[in-house]
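Heads up: the structure comes next, in structure tokens.
Every number in this text was worked out from the coordinates using simple rules, so none of it is lab data. Since the model is a prediction, treat every value here as computed from it, not as a measurement. Virtual Cβ from ideal backbone geometry, glycine too; neighbours counted across all protein chains shown.
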Amino acid sequence: MKKKTTMALCLVLAFVLSAPAARALDTAVPAQKAVKYYEQNKTLSSWWDVLALVGANEDVNTYTLPQLNKPEAKDVTGCAICLLTQMALGRDPKDAVCSDGATPVVKSLAALQKTDGSFGTYLNEHIYAILALEAASPAAYDREAAGRHLYAQQKADGGFTFYGDTGDVDMTGMALLALSCFRDDASGACTAKAVSFLKTARSATGGYISPWSSSGKESACSAAAAISGLAAAGTDFEDGQWDATVKSLLSCQLQNGAFAAEVGLTAPDRVSTQQALIALGDIKAGDSVFKRLTFKLSAVRRLYADGQDVDAQYASFVEKAYEYGIMHGTPQKCFLPKSGLKRSELAAVMARMAVTTEQFVAPPFEDIGVNDWFYYDAAKVLNAGLMSGIGGKFLPDAIVTRGELSAAALRVLEQKSFFTDPAGQLQAAVGEGVIEDIPGRDAASPVTREEAAAVFVRLKEKIG
């Protein structure tokens, strides 16, 4: 008897261990059904229809497109939607002009940013402006100020809202789209709180009841907004944690492929269908459709007026240096890729990347003063031992050599090199994988800003 029981247990265990892992929800078929619904009527009524189909990788040029109106120069939402539509259609956003026929929409929208960093009167206007400018021309506006204003709108419960002190799902999903454009610690903290809010705001069955609903039924738009925001935040929909929310959205899909506004309704709802298809596309892509719009210009050319001068091998590093917030261009929106990296600039980058203390001791050098833009950064890196003076001076305008940059990188990595000479330090930094071994370029060779961007990005990605 014992032998039979043991054998039976082994068979059960063998079945359990060999059973296939649970599969993620199928969202591809529902997305295809929604596309088929659009194909029944090839006329698109709004830019949201365009965005939904682009997010599903459909060629919208086979449809009759909505009329693209030129926005008024002072209309935040109009300017933002104009730019997003241009990009959804694969057109250069910098070609778009306002209703006066001359003023670039990018310039007009950027000019609408207020001194506190905000755009417009309502939070949704601010979010649209961020999404449009981040995709079209990130260097055109004060993104740090825009980010700070966005963070300040988060409520105590972790959500965001159109008005009041209690977060709502729709606006929180929208806010996550904009938060994904920033990579600083503050945006990360806000994102974590917003995702937590979306978890706790779910109904017993996993969906969301819209604050605007009088029926108390789960809403397609709210579920879609949450899903798109979560996708922008990097959520893994394969692990099953959000299956109930996805099921809630899919339960609103009708036989013809359209989506109803709420669970249990039978009439197609245009807005719900748009938002649902966008959300399904975001799940498949693992990111927001706003990050997947196509452009004529490379990212580095959108960031900087002289972006075309950046060598191809350094372009991605220059882009990442901007995204990470460690290197920026001049007030004239130029990067100056071929210019030498100054010691003052090295101090600023090192302070942003590697100094966590606000401890301040005045630098003992007469060639820098409190009115210099880099003064406090220089003080921080000097106090942290990441840089030192040269011959009793700081020499802020001196061009950094490959040996000096290697020494600074090794200090950030807390790697004690056996070499004290510049050539040896360069060799050690090459061994750490933070600087390239370039034939004909020795430790005394000057470092250009584009070369430095590559070193800083590698260093940033090593230290986290």
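Could you count how many residues in segment 91-106 are within 14 Å of D75 (Cβ to Cβ) and surrounded by fewer than 19 Cβ atoms within 10 Å (Cβ to Cβ)? The qualifying residues number 4.
I'd like the full set of residues that are closer than 14 Å to V455 by Cβ, of a type in the set (A, V, I, L, M) and not in a helix (DSSP H, G or I), limited to segment 310-330. Hits for segment 310-330 are I326, M327. Only a single item in (1) within 23 Å of G286 (Cβ to Cβ); (2) surrounded by fewer than 20 Cβ atoms within 10 Å (Cβ to Cβ); (3) in contact with a strand residue (DSSP E or B) (Cβ under 7 Å, 6 or more places away or on another chain); (4) not β-branched (V, I, T) is not met by A175, and it is number (2). Within segment 40-56, the set of residues being assigned to a helix (DSSP H, G or I) and either closer than 20 Å to A267 by Cβ or touching a residue at least 60 places away in the same chain (Cβ under 8 Å) (or both) comprises Q40, W48, D49, L51, A52, L53, V54, G55.
Pairing each residue of segment 267-282 that is part of a helix (DSSP H, G or I) with any residue that is of a type in the set (D, E, K, R), provided the two are 6+ apart or on different chains, yields C-beta distances under 7 Å for Q274/D49. Filtered by the rule that a residue be in a loop (DSSP other than H, G, I, E, B) and in contact with a helix residue (DSSP H, G or I) (Cβ under 7 Å, 6 or more places away or on another chain), segment 350-383 gives V355, Q359, F360, V361, A362, P363, I368, G369, F374.
Looking at A140, A186, A145, which is the one that is buried (at least 19 other Cβ atoms within 10 Å of the Cβ), of a type in the set (G, A, S) and touching a residue at least 12 places away in the same chain (Cβ under 8 Å)? Of A140, A186, A145, the one residue that is buried (at least 19 other Cβ atoms within 10 Å of the Cβ), of a type in the set (G, A, S) and touching a residue at least 12 places away in the same chain (Cβ under 8 Å) is A140.
When S445 is tested against (1) of a type in the set (S, T, N, Q); (2) in contact with a strand residue (DSSP E or B) (Cβ under 9 Å, 6 or more places away or on another chain); (3) buried (at least 18 other Cβ atoms within 10 Å of the Cβ), only condition (3) is not met.
From the list T205, T200, exactly one residue is touching a helix residue (DSSP H, G or I) at 6+ places or on another chain (Cβ under 8 Å), over 25 Å from W48 (Cα atoms) and surrounded by fewer than 16 Cβ atoms within 10 Å (Cβ to Cβ). Which is it?
Just a single option satisfies the conditions, and that option is T205.
Name the single residue that is nearest to A178 (Cα to Cα) among those in segment 66-81 being touching a Leu at 6+ places or on another chain (Cβ under 7 Å) and surrounded by 18 or more Cβ atoms within 10 Å (Cβ to Cβ). Looking at residues that are touching a Leu at 6+ places or on another chain (Cβ under 7 Å) and surrounded by 18 or more Cβ atoms within 10 Å (Cβ to Cβ), I get A80. Taking the condition in contact with an Asp or Glu (Cβ under 8 Å, 6 or more places away or on another chain) and acidic (D, E), does E218 pass? Yes: the conditions hold for E218. Out of the residues in segment 212-234 meeting the condition of being touching a helix residue (DSSP H, G or I) at 6+ places or on another chain (Cβ under 7 Å) and outside any helix (DSSP H, G or I), tell me which one is nearest to P30 (Cα to Cα). That would be E218.
Looking across L386, L346, one residue alone is out of contact with any Phe, Trp or Tyr (no Cβ under 8 Å at 6 or more places or on another chain), surrounded by 15 or more Cβ atoms within 10 Å (Cβ to Cβ) and in a loop (DSSP other than H, G, I, E, B). It is L386. With respect to (1) of a type outside the set (A, V, I, L, M); (2) under 18 Å from Q32 (Cβ atoms); (3) touching a Leu at 6+ places or on another chain (Cβ under 6 Å), the lone exception for D243 is condition (2).
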